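Written below as structure tokens is the structure these notes are about.
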Amino acid sequence: MSSSLKQQTVSGIIWSALQRFGTMGIALISNFILARLLAPEDYGCIGILAVFIVVANAFVIGGFAGALVQKKQPTAEDYSTVFYWNIIISILAYGILYFTAQYIAEFYKIPLLESVLQVQGLILIINALSVVQMNKLRQELKFKGMSVVQLIATSISVVVAIVLAYYGWGVWALVFQQLTTSLITTVLLWYVSSWRPILCFSFKSFKELFAYGSFLLFSDLLNSICDNIQGLLIGRKYSVADMGFYSQAKKMEEIPTTTISYVVATVTFPVFAKLQNDKERLFSAVRRTLKLMNFANFPLMILLMVVAEPLFIILFSDKWLDSVPYFRILCVAGLVNCLQSVNYQATAAVGRSKAIFRWNIVKRTVGLILVFAGMQWGVEGILWAVVAGFYFTFIVNAMVASVSTGYTLFQQIKDFIPYLILSIISAIAAHSIIYIHDFSNVVMLVLQSVIFVGIYLAIARFIKLHEFDEMMKIIKPYVKRGNR
């Protein structure tokens with residue numbers, strides 16, 4: 001990897017990480033307050049509708065935006081064509097949601113869902129107005145501007161949600177939180193980005209981008225449906241409260257996992273795309289990225305499993321304890337989230353969208369079969385089926401990516417075993433203090449976290465784990481800069 005590209009990559013990872021961890025901190029504060037002001041049923045309503053919004057949003061922000069990043073030299077006509085296409089599709093998608101909202105509400109026997117979905121669906125049109133700006137900044141590796149925009153939008157939307165929840169708006173507080181985030185993000189991206197659409201829709205550009213982007217679009221749609229199918233099933237088969245407990249667990253698990261996968265996807269896709277014609281450098285970049293991410297991801301997921309109960313009690317109160325077992329199961333899936341995400345980005349970056357689509361059909365078919373089979377064991381059975389699907393996805397993604405990168409499934413498993421062993425050792429030590437004394441939840445959370453992190457880093461340094469030194473090299477310059 002060239003010095004300039006390496007510097008841009010590291011800077012991108014730092015800024016993306018700052019943005020996501022900043023967003024994570026804001027989300028924690030938001031959940032801390034909103035969970036006390038709102039009921040599990042409020043979160044359940046949003047959770048039930050998530051699959052419809054996510055799937056519709058995949059049409060808007062899917063394949064074509066990725067095609068722009070993957071293309072080496074996109075033209076002004078390419079950008080404008082995608083911009084206008086996104087707007088057209090978002091209006092059509094919103095129209096479908098608006099007129100089917102009544103039937104969705106009747107299906108779940110919750111009348112409130114109709115009006116909620118009709119208002120929440122406006123997010124699709126708002127997001128469509130900024131997809132190209134976001135991808136333009138991403139392609140140019142300008143992650144600082146993107147990070148600032150996201151942090152500002154998230155902060156303001158949280159304040160809006162808390163105020164509305166305090167005054168008794170219930171589920172609408174969560175709806176307007178999402179709308180505010182999308183609206184402010186769009187406005188600020190137009191301010192930060194210098195790109196503006198021209199009055200042009202090129203059918204030639206559309207056809208060219210469609211050849212690559214359509215497969216990514218269908219893959220994203222398939223992923224969105226399958227990633228949220230458990231919400232559909234839980235919302236229909238069990239109570240709205242059960243859906244609320246599941247939604248809270250999923251939201252908490254997604255804070256760290258989507259932070260890491262977002263950073264990985266945002267930075268690595270354009271970087272891998274630049275290296276697509278140099279297999280040796282691509283292999284090195286993918287392996288280095290995976291090892292660094294897993295050095296952080298494995299201990300984080302296992303630590304969260306250890307401290308889950310005191311964490312939920314402190315953040316959300318006792319009324320959310322039913323979310324804890326769901327959260328722990330989802331964290332098991334989170335262990336391989338980074339692995340499968342990097343492999344997916346590597347395959348997409350070299351232009352193998354057809355392979356992604358074909359294998360996605362296989363992965364998701366198996367995943368759906370597992371989820372429906374798991375239903376007979378209740379909500380936990382569904383979630384363990386989701387975990388099995390995640391691991392199957394990792395295996396397939398690694399095998400498909402190895403064709404382009406040369407980084408085999410066996411090598412990847414061999415590379416992450418040290419982090420897994422270190423994390424398990426640290427977890428055993430941290431968990432053992434529950435047998436020593438009946439500490440308060442706050443003390444228990446702090447003690448277990450300190451013991452876990454201390455042992456993990458101490459052993460990593462003692463055995464001279466390369467990733468420990470790499471992480472320190474990346475962090476030190478920014479720490480020194482911040483101390484000046």
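In the range 296-308, what residues are part of a helix (DSSP H, G or I), of a type outside the set (S, T, N, Q) and touching a residue at least 24 places away in the same chain (Cβ under 8 Å)? Spell out the reasoning first.
Step one: list which residues in the range 296-308 are part of a helix (DSSP H, G or I), which gives 296-306, 308.
Then drop every residue that is not of a type outside the set (S, T, N, Q), which leaves 296, 298-306, 308.
Once the filter is applied, which keeps residues that are part of a helix (DSSP H, G or I), of a type outside the set (S, T, N, Q) and touching a residue at least 24 places away in the same chain (Cβ under 8 Å), the range 296-308 yields Ala296, Phe298, Pro299, Leu300, Met301, Ile302, Leu303, Leu304, Met305, Val306.
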Quick check on the range 149-176: of everything there that is under 21 Å from the mean Cα position of the chain (by Cα) and in contact (Cβ under 8 Å) with a residue 60 or more places away in the chain, which residue is nearest to Ser80 (Cα to Cα)?
Gln150
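Within the range 382-399, take every residue that is of a type in the set (Phe, Trp, Tyr) and farther than 11 Å from Leu330 by Cα and give me the one that is surrounded by the most Cβ atoms within 10 Å (Cβ to Cβ). Working first, answer last.
Filtering the range 382-399 for residues of a type in the set (Phe, Trp, Tyr) gives 384, 390-392, 394.
If we keep only those that are farther than 11 Å from Leu330 by Cα as well, we get 391-392, 394.
Details: Tyr391: 15, Phe392: 18, Phe394: 24.
For the range 382-399, the residue satisfying everything is Phe394.
Each row is one residue, and each column tells you yes or no for (1) of a type in the set (Gly, Ala, Ser); (2) without any contact (Cβ under 8 Å) to a residue 60 or more places away in the chain; (3) surrounded by fewer than 19 Cβ atoms within 10 Å (Cβ to Cβ).
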| residue | (1), (2), (3) |
| --- | --- |
| Lys109 | no, yes, yes |
| Asn127 | no, no, no |
| Met134 | no, no, no |
| Gly145 | yes, yes, yes |
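Tell me whether the range 48-66 contains one or more residues that are at pLDDT 85 or above and either assigned by TED's automatic domain parsing to the domain that holds Leu321 or aromatic (Phe, Trp, Tyr) (or both). Can you show your working first?
Quick first cut of the range 48-66, residues at pLDDT 85 or above only: 49, 52-53.
Then drop every residue that is not either assigned by TED's automatic domain parsing to the domain that holds Leu321 or aromatic (Phe, Trp, Tyr) (or both), which leaves 52.
For the range 48-66, residues at pLDDT 85 or above and either assigned by TED's automatic domain parsing to the domain that holds Leu321 or aromatic (Phe, Trp, Tyr) (or both): present.
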Looking at the structure I just gave you, is Ile91 of a type in the set (A, V, I, L, M, F, W, C), modelled with pLDDT of 85 or more and touching a helix residue (DSSP H, G or I) at 6+ places or on another chain (Cβ under 9 Å)?
yes
(1) more than 30 Å from Lys237 (Cβ to Cβ); (2) at pLDDT 85 or above: which one isn't true of Gly121, the others all being true?
(1)
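Go through Ala349, Ala355 for me and flag whichever is among the aliphatic types (A, V, I, L, M), at pLDDT below 85 and within 20 Å of the chain's Cα centre (by Cα). It would help to see each step written out before you state the result.
Details: Ala355 fails: within 20 Å of the chain's Cα centre (by Cα).
That would be Ala349, the only listed residue that is among the aliphatic types (A, V, I, L, M), at pLDDT below 85 and within 20 Å of the chain's Cα centre (by Cα).
Go through the residues of the range 353-360 one by one and say whether even a single one is in the same structural domain as Phe327 (by TED's automatic domain parsing), within 26 Å of Phe245 (Cβ to Cβ) and either part of a helix (DSSP H, G or I) or in contact with a strand residue (DSSP E or B) (Cβ under 9 Å, 6 or more places away or on another chain) (or both).
Here is the first cut: in the range 353-360, the residues in the same structural domain as Phe327 (by TED's automatic domain parsing) are 353-360.
Remaining after also requiring within 26 Å of Phe245 (Cβ to Cβ): none.
Checked the range 353-360: no residue is in the same structural domain as Phe327 (by TED's automatic domain parsing), within 26 Å of Phe245 (Cβ to Cβ) and either part of a helix (DSSP H, G or I) or in contact with a strand residue (DSSP E or B) (Cβ under 9 Å, 6 or more places away or on another chain) (or both).
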Residues that are part of a helix (DSSP H, G or I), closer than 18 Å to Val240 by Cβ and not β-branched (Val, Ile, Thr), drawn from the range 104-133
Ala105, Glu106, Phe107, Tyr108, Leu112, Leu113, Glu114, Ser115, Leu117, Gln120
Within the range 27-45, can you find the residues that are more than 22 Å from the chain's Cα centre (by Cα), within 21 Å of Gly231 (Cα to Cα) and hydrophobic (A, V, I, L, M, F, W, C)?
Leu38, Ala39
Among the residues of the range 305-326, is there at least one that is buried (at least 22 other Cβ atoms within 10 Å of the Cβ), of a type in the set (Phe, Trp, Tyr) and either in contact with a Leu (Cβ under 9 Å, 6 or more places away or on another chain) or outside the structural domain of Phe468 (by TED's automatic domain parsing) (or both)?
yes
Suppose the filter is of a type in the set (A, V, I, L, M) and either under 19 Å from Arg281 (Cα atoms) or in contact with a Leu (Cβ under 7 Å, 6 or more places away or on another chain) (or both); does Val396 pass it?
no
Hey, can you tell me all the residues within the range 400-415 that are more than 16 Å from Cys338 (Cβ to Cβ), crowded, with 19+ Cβ neighbours inside 10 Å and among the polar types (S, T, N, Q)?
Ser402, Ser404
Restricting attention to the range 102-124, does a residue exist that is on the phi > 0 side of the Ramachandran plot and either touching a Lys or Arg at 6+ places or on another chain (Cβ under 7 Å) or not β-branched (Val, Ile, Thr) (or both)?
yes
Filter the range 394-451 down to residues that are outside any helix (DSSP H, G or I) and either at pLDDT 90 or above or under 25 Å from Val306 (Cβ atoms) (or both), then give me how many there are.
5
Residue match in the range 385-405 (condition: over 28 Å from Lys354 (Cβ atoms) and either more than 23 Å from the chain's Cα centre (by Cα) or not assigned by TED's automatic domain parsing to the domain that holds Cys331 (or both)):
no
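The values are calculated or read from the model by the stated rules, or taken from the named source; none is laboratory data. Being a predicted model, the structure only gives us computed values, none of them experimental. Because the Cβ atoms are built from the backbone with ideal geometry, glycine has one as well, and the counts that use them run over all protein chains shown.
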